[in-house]
Structures are given as C-alpha cells and as structure tokens.
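What follows is a set of notes on a single structure, which appears directly below.
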Amino acid sequence: MKWLNRVIQAWQKARELPYLGRSSFAVAILLLIISMLTGWHRTHPDDAVDAALQQAQVAQVDVPQGILILSKVLPYLNLWVRLGVPVLLIVIWRRWGDLRRLMLPTSIASVSMAVWSIASDLVDYIAHSHMTEIGEPPVPLAFAFKLVFMALAFLSVPFALQYYRRIGLLERYTLRTFLHPLVFCFVSFFTLWIIMDLLDNLKDFQESKFGVVRVVTFYLGMIPFVYTQVLPVALLLAVLYALTRMSKANELISMLGTGWSLFRVLRPIFVCSVYACALDMAANYHWAPRAEGNREAAFRGMSQHAADSIMASHIMFHNEQTRRTWYVGTFPFSMRSGNERMHGVQIREEDEQGRPLRTIIAPDVGWSPRSGWRFYNGKEMVYQDGKLASIRPFAKGADGQSMLTVGGIEETPWSLVSYALRPDFMSVPELISYLQAHPKAADDKLAPFRSHLWHRFALPWQAMALVLVAAPLGVAYSRRGSVGGIAGSVFIFFIYMFMNNLCLNLGKGGHLPPWLTVWLPHLLFGSLGLILFHYRSQNRDLPSFKFRLSKPKPQIARPRNRRAPLPSAPAA
C-alpha cells in the first residue's frame, strides 16, 4: 500500500501549494482576453446563434439586433464557462471548510452561470419572436418569469452560503443534523429511481443502440423531474430523523433551556425547507415537466423504432372553419427546432356540402413560419362534385426530390399537436400559450390545462406543508419516545398525497375552480401543522381524537387493593 500513501501525500502537497487557485483564475482570465483579441466569436460561433443566422439568410429577412449582439457575446461566455468549471473545482477543493474564502469564487461562478444561461435562452426566443418552428405563439411575460427563476436558482447559492456563515453554532449544528439525512435521502431515492427505470427500459436502450454517454446524459436531464418527485418524502424523512435524534439525546430540551423558543430552535430547518421548495418551484416552472415530456417522447420513439423522439402520434384534427381534416402518423420532438418533418400525413378538404375537394397524402411534411407547408414524396387527389377527377404526384424539384408547396393553409403544427398534448408534461409557458391559442374552446377541454397551470405553482409547497406537520410530531419531550409521532406523520403523508391527487382530478374535471383545487390540500394540512406546532411550542399535549360508535356502559368503581379488609360497621 506504499503507492496509496504516496498518492495521498502528493494530494495533500498539491492542495497546500501557494497561489494555485489564484494562478488558475489568472490563467483563465488571460486566455479569455487573448480570445477576445483574436476574434474568437468569428471562428467559434455559438451553435444556436449560427442556426438563427442561417435561418434568417435562407428566409431573406433582416437579422434581429439582439441576435447580432449575442453572436459576439455568447461565444466568450461559452469559453468562460468551460474554463471556469475546472478553476472553480480547484478553488473549492483548496478552500473547502473556509466559508469566508469560498464566498468570492462561489459568487463569481453563480453570476457567470446565470448570465450564460439567460443569454443562451434569449437566442432561441429572439430568433422565434414571431412564432416558434411549430407555430406556437410565444408568451413574453411567461418567458421573462422563466429567466427570473433561472437567475434566482443560480444567484441563491451565495446567499445560502452567506446565511450559513451568519448563523450561530447551535443553529449550524441543527442545520447539519438536518442536511445529512436530507442529502442521503435525495441520493438514495434518485439512485433507486434510476435503477428501477433503467431495469424497465434497458431493452429499449439496447435495441435503439443508446451508448453509455447518451444514457448518462438522458438521466442527467431527468434530475429536475426527480427532484420535484422526491422532495416531499425526503423533507419528511429528514425532519423526522433529525428531530427524533435530537429528542433522544435531550438536545432539544437543552436548547430550549437556553431561553430559545421552539421556533427559534427549528428555524434553520424551516429556512432550508423554504429554500428547497423555492428551488422546486423554479424547476417545476419549466424544466421538470419538460424533462418528463422528453422522457415520454424518447421512449415512444424507441418503441416505434423511430429515428427521433416522438412528441405525439396518431393525431386527428378537424378545423370546422376551414373544413379541413388532418391526420398525422408521428410528430417528432425535433420539429420544435425545425430539423425534422412530420410523417404519415393526410389532409382532406371539403366544401360547404361536406363533399371532398382535395386530398393530399405525403409520407413527409415540413413547415416553417416563412415558407409555410411543404409536402414531400406524395400525391394530390382532386375531386369534382364529390367524385375523384385526377391523381397527381408531386412535381420534382431541382434536387430530384418531389415536393408540393401549398399556401393559404391556416393550420400550423402547433395547432395540430396541441390537441394531442397532455397538460401533465407541459411547462408554464406552454400552458399559457395553449390557453391563449384556444380561447374559444369548451370549458371542460380547458379545465385540465388551467388546473395544471395553477398546479405548477402549488405543487412545490406541499413539501413545506408536510414539514409543518412533521416538525411538531417529531419533537418529543417525554421518555415515551416519538414512534407515535413518526407513524402519525407517515399516515398523514399518505392522506395528503391522496387528497392532493383527488383535488387535482376534481379541478381537471371542472367540478371545482382550478385555483381552489390545487391550493386546498396545502391550506388544510398547513393549518393543521401550525395548530400542532402551537401546541408543541406551549409544551402541551397534542390533541387526540377518539371515535366511539356506541355509548360506554357505566361501570362500578372497584377498590385498587382487593385483598384489603372492608371497613367494619360502626357500633350501635
């Protein structure tokens, strides 16, 4: 084992080298300056910016000014992020344990990631400011909130580190006691979820020839969705474990003996829970439902042996205003980026009497906001007085591919696929876009989308309601233990999940207002948690509820010591 000791000694010496972190940061700054002087953005353009410039050139339209600015800025941000990741790891490795010295590199990294992510999203939004590649109308306000959530997620890291620096020793101990089981639960549940999902879909991965790198990337993209799913149970178990451990060791009683209130003792746990729920709301705004939708689309594509993920399949759409009926075999997910075509498309046009006018059958169909619909390798059937008059194959173009360009069609790919989409897999901007694109639809059709729109904001806070319920049940002042409180918390958890799904289904069915159905369980169980916390903070027994089906029978009181002689009667 001499080689292992040598490796450990070399590791320690490398960590103690002077000015290693500062010199690495200076080298990264120097490389960034040299790249600016040599015109890095001309030789290494950003992929999204390059695609937007090519689309504008093909369509012969003016390039938006925002794209031109980002084409000069974004390549340097990409380079800075690539250089900054190893530098940040080196700095954190050397300064781990010193909170004061960690503040500056953490702040620089958070600001850099926030600026880079916002700039990357702005490219796609500005390029499709009129409408996206499938005709989906953009929602500026919803996109602005997406950028705000993105910035808060990154910028909150140095604020969390600063909060840990400012609190006292007892609060740090409480927070560490809570964070250890919380991190363990997250890692355990995420690993278990991946193993179970991989076992279910390993055959599909093998048949689709997914490499290891692609599989790892696929599951890394599922982190936001898994985070939203495991957060409630992870917070519940972490709170119960931390408070049970501190109660058994009489640490809570010792802290309360210093004059602190129960809320002051548990304040770090509540602050950490609120922070976790805020991150959950940011993830549930866009990334979690999009990750779940991408997963379903990928597995749908693998099951049908398609080259790309399938967003929807077997779509039937009828437009009563234009009297046009569409059938789409498969709608690939990459239609959003304009790089793929729909497959197995049939269009049937009718006159006012319901007689057919024209039918177009095409194996491949493309669409763009500027050139409209393009049908490939198919045929067109024309009718007169409801009878078939002619069948014409598509004319061949200069590239040797038969194509038919049809103008005047009002439908877009978004109008076709939106009726086949499930609101469970749609983000907040997509839900708002759907509601704006179908304002005249029936209420029962829009009720699921309105319910899920409110559900995106309400779902993250069910974990906070569970924390409010579990905190007083996990605190035990007496020697009787906290087994009853743990059992009660788990029982309440299952009731809460059942009621949450029940209320959501009531809202999707249009039986109750959408905003009320998604917030009602949180309000009820949150109020219950506040009541239980009030009892516990006053050192009073928690209220117990006993249900009796029949009236108890009166019983004759008996003496405790039955062997004791009865008192003799007094003498006359």
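The values are calculated or read from the model by the stated rules, or taken from the named source; none is laboratory data. Values in this document were obtained by computation on a predicted structure and should not be read as measured data. Note that we place each Cβ from the backbone using ideal geometry, even for glycine, and neighbour counts take in every protein chain shown.
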Practice task
Check Ala306, Ala362 and return the single one that is buried (at least 16 other Cβ atoms within 10 Å of the Cβ), among the aliphatic types (A, V, I, L, M) and modelled with pLDDT under 85.
Solution key: Ala306
Practice task
Answer with yes or no whether Val115 is assigned to a helix (DSSP H, G or I), over 30 Å from Thr412 (Cβ atoms), out of contact with any helix residue (DSSP H, G or I) (no Cβ under 6 Å at 6 or more places or on another chain) and free of Cβ contacts under 8 Å to residues at least 40 places away in the same chain.
Solution key: yes
Problem - Any chance Gly344 is touching a residue at least 24 places away in the same chain (Cβ under 8 Å), within 42 Å of the chain's Cα centre (by Cα) and in a strand (DSSP E or B) - result: no
Exercise for the section: Confirm whether Asn284 is out of contact with any strand residue (DSSP E or B) (no Cβ under 7 Å at 6 or more places or on another chain), within 30 Å of Pro332 (Cα to Cα) and modelled with pLDDT under 85. Expected result: no
Exercise for the section: Of the numbered conditions (1) at pLDDT below 90; (2) assigned to a helix (DSSP H, G or I), Ile134 fails exactly one; give the number of that condition. Expected result: (2)
